[in-house]
Amino acid sequence: MNTLERIYDVRGLSDTEKKILSALPRVKNVQGLVKETGISRTGVIYRLDTLAKRGLLRVIRESKKRSYSALTENELIDQLQLTINEAKISSTK
């Protein structure tokens, strides 16, 4: 199991969310993700929204179009470290 897979497991991602994040380096839009993953359009849109709210990807808006970019492994590690540090601080209060 590689580092990204471990991070995805720690974050509690579903198999569908993992599939979408894994496809993002190759495709950046909803249509491409539908074709690449075999997930329905509404399913992809719902999961992209959920992943964006959880801070696991970036949404890039260009006029009315949106494209998506997954966070890098280092960005995800930094995010987890920040969460751990915040938990330590709140537990000492």
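With all protein chains kept in place, the per residue accessible area of the chain amounts to 69 square angstrom at a probe of 1.4 angstrom. Mean residue ellipticity, 222 nm, helices only, the chain: the sum of -39500 (n - 2.57) across DSSP H runs of n ≥ 4, divided by residue count and rounded to 500, is -19000 deg cm²/dmol.
Whole-Hz Karplus values for segment 18-29 come out as 4, 4, 5, 5, 5, 7, 4, x, 8, 10, 10, 10 Hz, taken residue by residue from phi with 6.51 cos²θ - 1.76 cosθ + 1.60 and θ = phi - 60°; glycine and proline positions read x.
Among Leu24, Leu13, Leu57, the residue with the largest mean-square fluctuation in a Gaussian network model of the chain, with springs joining Cα atoms closer than 10 Å, is Leu13. Taking the chain on its own, what percent of its Cα-Cα pair distances exceed 22 Å? Within the chain, distances greater than 22 Å cover 31 percent of Cα pairs. List the lysines whose Cα lies under 30 Å from the Cα of Lys28, skipping any in the same chain that are fewer than 8 positions away. Here the lysines satisfying the reach criterion relative to Lys28 are Lys18, Lys19, Lys53, Lys64, Lys65.
Other residues with beta-carbon under 11 Å from the beta-carbon of Ile39 carry, at +1 per Lys or Arg and -1 per Asp or Glu, a net charge of +1.
The values are calculated or read from the model by the stated rules, or taken from the named source; none is laboratory data. Since this is a predicted model, take the numbers as computed values, not measurements. Using ideal geometry, Cβ is built from the backbone for each residue, glycine included, and neighbour counts are taken over all protein chains shown. Accessible surface is based on the protein model in full, side chains and every heavy atom, while ligands, DNA and RNA are left aside. Shrake-Rupley method; radii C 1.70, N 1.55, O 1.52, S 1.80 Å.
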